[in-house]
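Values quoted throughout were computed directly from the atomic coordinates according to the rules given, and no laboratory measurement underlies them. Just so you know, these numbers come straight off a predicted model, no measurement behind them. Cβ placement follows ideal geometry from the backbone for every residue including glycine, while neighbour counts extend to all protein chains displayed.
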Amino acid sequence: MMTEEPRTGDRYHHGNLRAALLDSALDVLTEGGVAGFSMREAARRAGVSQSAPKHHFGDARGLLGALATRAYRQLCERLEAVELSGRDVRERVTALALEYVAFARDNRALFDLMWRMTQFDYDDPELAEQKHRALRALDRVLRGTDAAPTSGEDPALVQSYAVWSLVHGYTTLALEGAIGEEAADPLANDLLPAMLQLVDVRPGDPR
């Protein structure tokens, strides 16, 4: 039986196999996209047996789901780190939107994976929490830091969903080359802020 001992030169060290497999999976995803993803290749790059990922993730869907969950967590951390003090609500929304775009630009393979709902368990509790956390980051900007928590069906979230839909739609179209094809980086132009100016954003908590 093959063991999962560390190998010189590999990224895996005893006790960090799960993280090493996620890192290797990201490399494979970045190079080949979702269609070209191979759990066997992720294991090879981590320097472990082909059966090793099954212990932590079960199958390729489990590994991709864990990678998507990590991607949502990273997105949330970036959104929550945006400096919003001293800005009005429109400026705050724009700042958060631009950070969303920057995340997509910096992590194109991950951003694509995050919305491939048929590739992993989209209802996984941990993944669902990170998705809702991203919505809360935007919702706090729009409704205020003291706004009461809401569920996904609450009408109070309509404006947040509308803004998120606009930002996500713009980002997806730009990444696909449908917007600003003549620009070196279509995500880095002034179109998104101009679009956000058309949204009826009402001031909330000024903090």
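Converting phi to 3J(HN,Hα) with the Karplus coefficients 6.51, -1.76 and 1.60 and the offset θ = phi - 60°, the stretch 91-96 yields 5, 5, 4, 4, 4, 5 Hz in sequence order, with x at every glycine or proline.
Rounded to 0.05, the FRET efficiency of the N16 and D88 pair, given R0 = 41 Å and the Cβ-Cβ distance, is 0.40. Applying a DSSP loop filter and a limit of 16 other Cβ atoms within 10 Å to the trypsin sites (Lys or Arg not before Pro) in the stretch 83-121 leaves R87, R116.
For the stretch 97-106, the Karplus equation 6.51 cos²θ - 1.76 cosθ + 1.60, evaluated at θ = phi - 60°, returns couplings of 4, 5, 5, 4, 4, 4, 4, 4, 5, 7 Hz by residue, with Gly and Pro reported as x.
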